[in-house]
Amino acid sequence: MSDLPELITELPGPASRAWVDRLAQRECPAITARRARRAQSLGVADTDPVVWDRALGANVWDVDGNRLVDLTAGFGVAAVGHRHPRVVAAGQEQLARLPHAMGDAFPDPRRIELLERLAELTGLDHGILGSSGSDAVEAALKTARVASGLDGVLAFSAGYHGLSYGALGVLGYKREAFAGPFSGQLGEHLSLAPFGGPLPSLQGIGAVLVEPIQGRGGVRVPPPGWLSRLREACDQAGAVLIFDEIYTGFGRTGGLFAFQHEGVVPDLLCLGKGMASGSPISACMGRAEVMQAWGASQGEALHTQTFLGHPVGCAMALASIQVLLDEDLVERSRTLGAWLAQELAAFGPVRGRGLLLGLELPDTLRASRELLQRGYIALPAGQQAEVLCLTPPLTISEPQLQGLIDALAELL
Ligand SMILES: Cc1ncc(COP(=O)(O)O)c(C=O)c1O
């Protein structure tokens, strides 16, 4: 069976339109972009989203039965592909055995196995599990405050770490739009420095939070040696270095983790998205010394949540990590990414590494819309939407990527 796009209706089709109309009746209007409306404000023609019905590998079928190719991996989540049979089986088995345990009070074996696995892979001994990327960021910020005793946080221009209050407080990406209404509630602890630029003094800074390669901020790779200098500066100042690898982790950039490219080891490491290829689970891993600053639980966990280390998410994460290793997908990300970057260079400057790539184009919104009309899902990224962001499942096939290149050649 072909895995290329197959369109049987216009996009969005009648069923998608009907669902989006129903959604608009019930969801907070700030959530789902009615693209027609957004497009109007930008002065371009655009359409509403298609509604996803099912997915497999790098394919998504919408509710009208159109087969699409997902070049986002669903925001970077489906690392080993959507609905990988081994990940699904692990989730189903756990669901049938024990869907929920009791967080910090009564653990279950999958949570323990996942923490062991993450420690083995990252070299960081202790972890705090969460349900979303921003949970991992909150856990890291709290841990750094406890370990350093200092309130100050240094983060970077265009950095994105999620939209919960703690993460919002350290946002660089479109700060005015996302954090503006809440600025009175966010505290004064943040300083922002240019990503990849000169480092400011770290006096009063307890945590330095950075994406080793920025994702949503525009697929920006810092200059060689910059992360090492950041490490040295943190060591000298006694600040805790946090790498947010929620986007870049688990093979996305052609290394298991992006920090391994330069051998710069952070004190705390935030993971999420592709960790389980489809379950909302995340982790903040850390050096023993830093995590131990919390002290032992006195009977009431100082940091926890109802769904801490959700057993189904843990089982799916364990399976997804095993698939990543068994199918050699980190290497695939490296080689396929290098090939794709070379092909894309015919259309404009290319940023990124592995299968985290950004193609600079004069009008990425138009490119995204016209790709969708040809059955390819890709979104813009960057403060000015300056790149078309490509983060496909690491299992995407060569014909699917060739199809993208042909489509780009046609529309550019
Ligand atoms: C680097 C990075 N950190 C944190 C987050 C927030 O993760 P979540 O949306 O799961 O809270 C994201 C999400 O895009 C991200 O890209």
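The values are calculated or read from the model by the stated rules, or taken from the named source; none is laboratory data. Quantities reported herein were computed from a predicted structural model and do not represent experimental measurements. A quick note on method: Cβ atoms are made from the backbone with ideal geometry, for glycine too, and the neighbour counts reach across all protein chains shown.
Before moving on, here are some points about what is shown:
- Residue among Gly103, Gly76, Gly133 that is over 30 Å from Gly238 (Cα atoms) and within 16 Å of the ligand (Cβ to nearest atom): Gly76
- So Thr364, is it polar (S, T, N, Q) and in contact with a helix residue (DSSP H, G or I) (Cβ under 7 Å, 6 or more places away or on another chain): no
- If you check Pro349, Pro362, Pro311 for being over 19 Å from the mean Cα position of the chain (by Cα), assigned by TED's automatic domain parsing to the domain that holds Gly133 and modelled with pLDDT of 95 or more, only one passes: Pro311.
- Condition check for Leu359: without any contact (Cβ under 8 Å) to a residue 60 or more places away in the chain and buried (at least 23 other Cβ atoms within 10 Å of the Cβ): yes
- Reported count of residues in the stretch 256-278, each being surrounded by fewer than 21 Cβ atoms within 10 Å (Cβ to Cβ) and part of a loop (DSSP other than H, G, I, E, B), is 4.
- With respect to the conditions (1) touching a helix residue (DSSP H, G or I) at 6+ places or on another chain (Cβ under 8 Å); (2) closer than 28 Å to Ile281 by Cβ; (3) among the aliphatic types (A, V, I, L, M), Ala385 falls short on a single one, namely (2).
- Candidate set from the stretch 235-255 (those that are crowded, with 23+ Cβ neighbours inside 10 Å and outside any loop (DSSP other than H, G, I, E, B)); member that is farthest from the ligand (Cβ to nearest atom): Val240
- Residue check for Val87: more than 25 Å from Trp19 (Cα to Cα) and part of a loop (DSSP other than H, G, I, E, B): no
- Number of the condition not met by Val63 [criteria: (1) surrounded by 16 or more Cβ atoms within 10 Å (Cβ to Cβ); (2) on the phi > 0 side of the Ramachandran plot; (3) more than 19 Å from the chain's Cα centre (by Cα)]: (2)
- The single condition among (1) surrounded by 13 or more Cβ atoms within 10 Å (Cβ to Cβ); (2) at pLDDT 90 or above; (3) assigned to a loop (DSSP other than H, G, I, E, B) that Thr47 does not meet is (2).
- Where Pro198 falls short, out of the listed (1) away from the ligand (no atom under 16 Å from the Cβ); (2) in contact (Cβ under 8 Å) with a residue 40 or more places away in the chain; (3) part of a loop (DSSP other than H, G, I, E, B): (2)
- For the stretch 218-234, filtered to residues that are among the aliphatic types (A, V, I, L, M) and in a helix (DSSP H, G or I), the residue that is surrounded by the fewest Cβ atoms within 10 Å (Cβ to Cβ) is Ala233.
- Considering only residues in the stretch 162-195 that are more than 16 Å from the ligand (Cβ to nearest atom) and not in a helix (DSSP H, G or I), the one that is surrounded by the fewest Cβ atoms within 10 Å (Cβ to Cβ) turns out to be Glu188.
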